[in-house]
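Worksheet for the structure shown next.
The values are calculated or read from the model by the stated rules, or taken from the named source; none is laboratory data. Not measured: the values here are computed from a predicted model. Virtual Cβ from ideal backbone geometry, glycine too; neighbours counted across all protein chains shown. The protein model used for the area step is the full one, side chains on, heavy atoms only, and it has no ligands, DNA or RNA in it. Shrake-Rupley method; radii C 1.70, N 1.55, O 1.52, S 1.80 Å.
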Amino acid sequence: MSAAPRLFTAGADPVIRGEVGGEGPAIALCHGVSATRRYVVHGSRALERAGYALVTYDARGHGESDPSPAGEGYGYPRLVDDLERVVARTVGRGPFVLGGHSMGAHTAVAYALRNPDRLRGLVVIGPTFTGEVSAAALAYWDGLAAALEADGVDGFVAYIDRHQETHADWRDSVIRFTRERVQAHRHPAAVAQALREVPRSRPFGSVAELESLDTPALVVASDDAADPGHPRHVAEAYAERLPRARLISEPEGASPLAWQGGRLSRAIAEFCAELPEVA
């Protein structure tokens, strides 16, 4: 049986809390808005068993991490600053693989653009940022934040159920893991603030900037019927722009690969095994 993950803290104000599981080349993963560190590979330890050190952490205001101090907020520049602190604390100076889901995917890409020579590989799961955010999308996020503030977890889940156009085949699964992840936050007011601020922040200028990243990349897309919040066409656009990208997804009719921690972990491990050896 593998050893329990090793807990760590990074930074001081806010304190970012996370864990490292396993030994070997480092893979750091960043979660999405309103999620926690568990909700990238969903508790799977397949990457650790495959011989990697898996670094996961709770973004500021999420999970066990501290809220932002007054005046800082939750924009992508701050999220990338936090990621740099996590990398310094857990990875050190060597090259590593970085990935993330949704907000975490954008954070990972922004880190790659800021630090183009640090990464062995980049894993982009369910990106949504295209360079523009519509007024309707901002209204959705504001409404979700208000529901969390007014009625807690029940309000958050009910809002998702009313407004997210998930196919009936997947509705029960979405409701279940939505409730589970929102219950895991120590600071729900901070999550509500992040729900308002993250969609208004730009991780980078435009998707065209991805063309400058000469890093092997794995892009994970989902079917729109199950996961309309992470449109397939956006993942396809990222894969087209990243010069060394490969696009993968689940088989037709299956639940999204992004929801399947074990299979997603194995896909990431296979991607990492194909990367050039570090000199």
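The table for this structure:
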| read-out | value |
| --- | --- |
| Residues satisfying the stated conditions in segment 183-223, i.e. within 18 Å of Leu98 (Cβ to Cβ), assigned to a loop (DSSP other than H, G, I, E, B) and either among the hydrophobic types (A, V, I, L, M, F, W, C) or touching a helix residue (DSSP H, G or I) at 6+ places or on another chain (Cβ under 8 Å) (or both) | Pro203, Phe204, Leu213, Thr215, Pro216 |
| Lone qualifier among Val55, Val20 - being in a strand (DSSP E or B), under 28 Å from Arg266 (Cβ atoms), at pLDDT 95 or above and touching a Lys or Arg at 6+ places or on another chain (Cβ under 6 Å) | Val20 |
| Residue selected from segment 115-169 under the condition in contact with a strand residue (DSSP E or B) (Cβ under 6 Å, 6 or more places away or on another chain) and not basic (Lys, Arg), by the criterion most open to solvent (accessible area, probe 1.4 Å) | Leu119 |
| Pick from segment 221-236, criterion surrounded by fewer than 17 Cβ atoms within 10 Å (Cβ to Cβ) and in contact (Cβ under 8 Å) with a residue 24 or more places away in the chain, ranking: nearest to Gly131 (Cα to Cα) | Pro228 |
| Subset of segment 93-108 (residues that are β-branched (Val, Ile, Thr) and over 20 Å from Glu274 (Cβ atoms)) | Thr107 |
| Residue satisfying all of: in segment 240-270; assigned to a helix (DSSP H, G or I) and open to solvent by 70 Å² or more (accessible area, probe 1.4 Å); nearest to Gly121 (Cα to Cα) among these | Glu270 |
| Positions within segment 147-182 being modelled with pLDDT under 95, over 18 Å from Thr36 (Cα atoms) and in contact with a helix residue (DSSP H, G or I) (Cβ under 8 Å, 6 or more places away or on another chain), in sequence order | Asp161, His163, Gln164, Thr166, Arg171 |
| Inter-residue pairs, beta-carbon under 6 Å, first more than 11 Å from Glu197 (Cβ to Cβ) and in segment 69-83, second open to solvent by 20 Å² or more (accessible area, probe 1.4 Å), 6+ apart | Pro69/Asp13 |
| Segment 170-184, residues that are of a type outside the set (A, V, I, L, M, F, W, C), touching a residue at least 24 places away in the same chain (Cβ under 8 Å) and either in contact with a strand residue (DSSP E or B) (Cβ under 9 Å, 6 or more places away or on another chain) or buried (at least 17 other Cβ atoms within 10 Å of the Cβ) (or both) | Arg181 |
| Hits in segment 80-103 (condition: open to solvent by 10 Å² or more (accessible area, probe 1.4 Å) and over 22 Å from Ala245 (Cβ atoms)) | Asp81, Glu84, Arg85, Ala88, Arg89, Thr90, Val91, Gly92, Arg93, Gly94 |
